[in-house]
Amino acid sequence: MNTSRRQQLQREHRPENIARRLAKPPRPERLSDMVLGGIDGCITTFAIAAGAFGAGFSPLVVLVMGMANLLADGISMAVSNYEAVNAQQRFVENARRTEEEHIHLVPEGEREEVRQIYARKGFSGESLEQIVDKVTANRGLWIETMLSEEYGLSAVAPNPLASAWWTFIAFIVVGVIPLLPFLLPGFTFSQQFIASSLLAGLVFFAIGLLKGWVYRSSPLRAGLTTFLLGGCAAAVAFVVGHLVQQAFGGLG
């Protein structure tokens, strides 16, 4: 196992392969948007199913309420993520303008910032001054260095529309899964709800497995962690939905 892994890494780290990999522009990470939308979509529709089941409503009510909330909350989630990423984008743009202004007005002060940044990384003497000269000789590189090192910003520009789109798609695709059992004829409401609960648990576990696989951590641990976190959130939704439905049912 270690030998084959080492051989694979050696191939990936050949000079031509490294050059090819570094030449590719960095791609935005969409997994977090999809995980956010997927988990929230699953919890949202399962909460509807749990509340309706606790109140003794029919499967048709579950489907109507579930589909209506799926679309409405999916749009709401997408808009919320759009606004959050858009705010991050504006922050990046403001930081870029700030650094451009500082480099124009106080270039020596900005050079000193670069010098101290790389001094903290362990460079000193002539090597440090060469790095400072190289970085500050290229205005674009200078600005990107300050954004990365001073502000901790990623080189990948945030895209609000893309984030909103992937959040919405994941919300809809994953969120509809707990509703599928209520489309099956020939089963009691209790059987449909049990099937919905099992599917919701499988969804949480599968999302965790995906995260573990993408980030090369333990898929099983990631799956169980997401299952427990999603399960706890779904349990809270179940209790709250049940209590609210029972309270309104009693008033009716």
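The values are calculated or read from the model by the stated rules, or taken from the named source; none is laboratory data. Note that the structure is a prediction, hence the values are computed from the model and not measured. When we count neighbours, we look across all protein chains shown, and the Cβ atoms used for this are built from the backbone with ideal geometry, even at glycine. Only protein heavy atoms, including side chains, enter the accessible area calculation; ligands, DNA and RNA are left aside. Shrake-Rupley method; radii C 1.70, N 1.55, O 1.52, S 1.80 Å.
Check whether at least one residue in the range 119-140 is surrounded by 16 or more Cβ atoms within 10 Å (Cβ to Cβ), aromatic (Phe, Trp, Tyr), at pLDDT 90 or above and not in a loop (DSSP other than H, G, I, E, B), and report yes or no. Outline the logic, then answer.
To start, the set of residues in the range 119-140 that are surrounded by 16 or more Cβ atoms within 10 Å (Cβ to Cβ) comprises 123, 128, 131-132, 135-136.
From what's left, aromatic (Phe, Trp, Tyr): 123.
Still in the running and at pLDDT 90 or above: 123.
If we keep only those that are not in a loop (DSSP other than H, G, I, E, B) too, we end up with none.
Within the range 119-140, none of the residues are surrounded by 16 or more Cβ atoms within 10 Å (Cβ to Cβ), aromatic (Phe, Trp, Tyr), at pLDDT 90 or above and not in a loop (DSSP other than H, G, I, E, B).
Being closer than 30 Å to Gly38 by Cα and touching a helix residue (DSSP H, G or I) at 6+ places or on another chain (Cβ under 6 Å): is that true of Ala170 here? Working first, answer last.
Values: closer than 30 Å to Gly38 by Cα: yes; touching a helix residue (DSSP H, G or I) at 6+ places or on another chain (Cβ under 6 Å): yes.
Judged against the criteria, Ala170 is a match.
Are any residues in the range 152-207 under 16 Å from Tyr82 (Cβ atoms), surrounded by 14 or more Cβ atoms within 10 Å (Cβ to Cβ) and not aromatic (Phe, Trp, Tyr), and if so, which ones?
Restricting attention to the range 152-207, the residues satisfying the condition of being under 16 Å from Tyr82 (Cβ atoms) are 157-172.
Filter once more, keeping what is surrounded by 14 or more Cβ atoms within 10 Å (Cβ to Cβ): 158-160, 162-172.
The answer is Pro158, Asn159, Pro160, Ala162, Ser163, Ala164, Thr167, Ile169, Ala170, Ile172.
Determine whether the range 89-102 contains at least one residue that is of a type in the set (Val, Ile, Thr), at pLDDT below 90 and under 30 Å from Cys42 (Cβ atoms).
Within the range 89-102, not a single residue is of a type in the set (Val, Ile, Thr), at pLDDT below 90 and under 30 Å from Cys42 (Cβ atoms).
Please work out if Gln192 is assigned to a helix (DSSP H, G or I), modelled with pLDDT of 85 or more and farther than 30 Å from Arg115 by Cβ.
Values: assigned to a helix (DSSP H, G or I): yes; modelled with pLDDT of 85 or more: yes; farther than 30 Å from Arg115 by Cβ: yes.
Considered against the rule, which asks whether it is assigned to a helix (DSSP H, G or I), modelled with pLDDT of 85 or more and farther than 30 Å from Arg115 by Cβ, Gln192 comes out as yes.
Quick check: is even one residue across the range 41-64 without any contact (Cβ under 8 Å) to a residue 60 or more places away in the chain and under 16 Å from the mean Cα position of the chain (by Cα)?
Looking through the range 41-64, none of the residues is without any contact (Cβ under 8 Å) to a residue 60 or more places away in the chain and under 16 Å from the mean Cα position of the chain (by Cα).
Check off (1) at pLDDT below 85; (2) over 25 Å from Ala235 (Cβ atoms); (3) polar (S, T, N, Q) for Ser163 and give me the number that stays unchecked.
Going through the list (1) at pLDDT below 85; (2) over 25 Å from Ala235 (Cβ atoms); (3) polar (S, T, N, Q), Ser163 breaks only (1).
Taking the criterion of being in a helix (DSSP H, G or I) and hydrophobic (A, V, I, L, M, F, W, C), would at least one residue in the range 148-160 satisfy it?
The first filter runs over the range 148-160 and keeps only residues in a helix (DSSP H, G or I), leaving 148-149, 160.
Remaining after also requiring hydrophobic (A, V, I, L, M, F, W, C): none.
No, every residue in the range 148-160 fails to be in a helix (DSSP H, G or I) and hydrophobic (A, V, I, L, M, F, W, C).
Ile103 fails exactly one of the following numbered conditions: (1) aliphatic (A, V, I, L, M); (2) more than 30 Å from Trp165 (Cβ to Cβ); (3) part of a loop (DSSP other than H, G, I, E, B). What is the number of that condition?
Unmet condition: (3).
Okay, residues lined up against (1) over 21 Å from Trp213 (Cβ atoms); (2) part of a loop (DSSP other than H, G, I, E, B); (3) open to solvent by 40 Å² or more (accessible area, probe 1.4 Å); (4) at pLDDT 80 or above:
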residue: Leu22; (1), (2), (3), (4): yes, no, yes, no
residue: Ser32; (1), (2), (3), (4): no, no, yes, no
residue: Val64; (1), (2), (3), (4): yes, no, yes, yes
residue: Asn69; (1), (2), (3), (4): yes, no, yes, yes
residue: Ser80; (1), (2), (3), (4): yes, no, yes, yes
residue: Asn86; (1), (2), (3), (4): yes, no, no, yes
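Determine which single condition Val92 fails, assuming it passes every other condition in (1) open to solvent by 50 Å² or more (accessible area, probe 1.4 Å); (2) among the hydrophobic types (A, V, I, L, M, F, W, C); (3) farther than 30 Å from Val62 by Cβ.
(1)
Being loosely packed, with under 15 Cβ neighbours inside 10 Å and in contact with a Phe, Trp or Tyr (Cβ under 8 Å, 6 or more places away or on another chain) is true for just one of Ile75, Ile39. Which residue is that?
Values: Ile39 fails: loosely packed, with under 15 Cβ neighbours inside 10 Å.
Just one listed residue meets the conditions, Ile75.
Identify the residue in the range 7-20 that is assigned to a helix (DSSP H, G or I) and among the charged types (D, E, K, R) and, among all such residues, is most open to solvent (accessible area, probe 1.4 Å).
The first filter runs over the range 7-20 and keeps only residues assigned to a helix (DSSP H, G or I), leaving 7-12, 15-20.
Subsequent filtering for residues that are among the charged types (D, E, K, R) retains 11-12, 16, 20.
Working: Arg11: 113, Glu12: 61, Glu16: 98, Arg20: 133 Å².
In this case the residue turns out to be Arg20.
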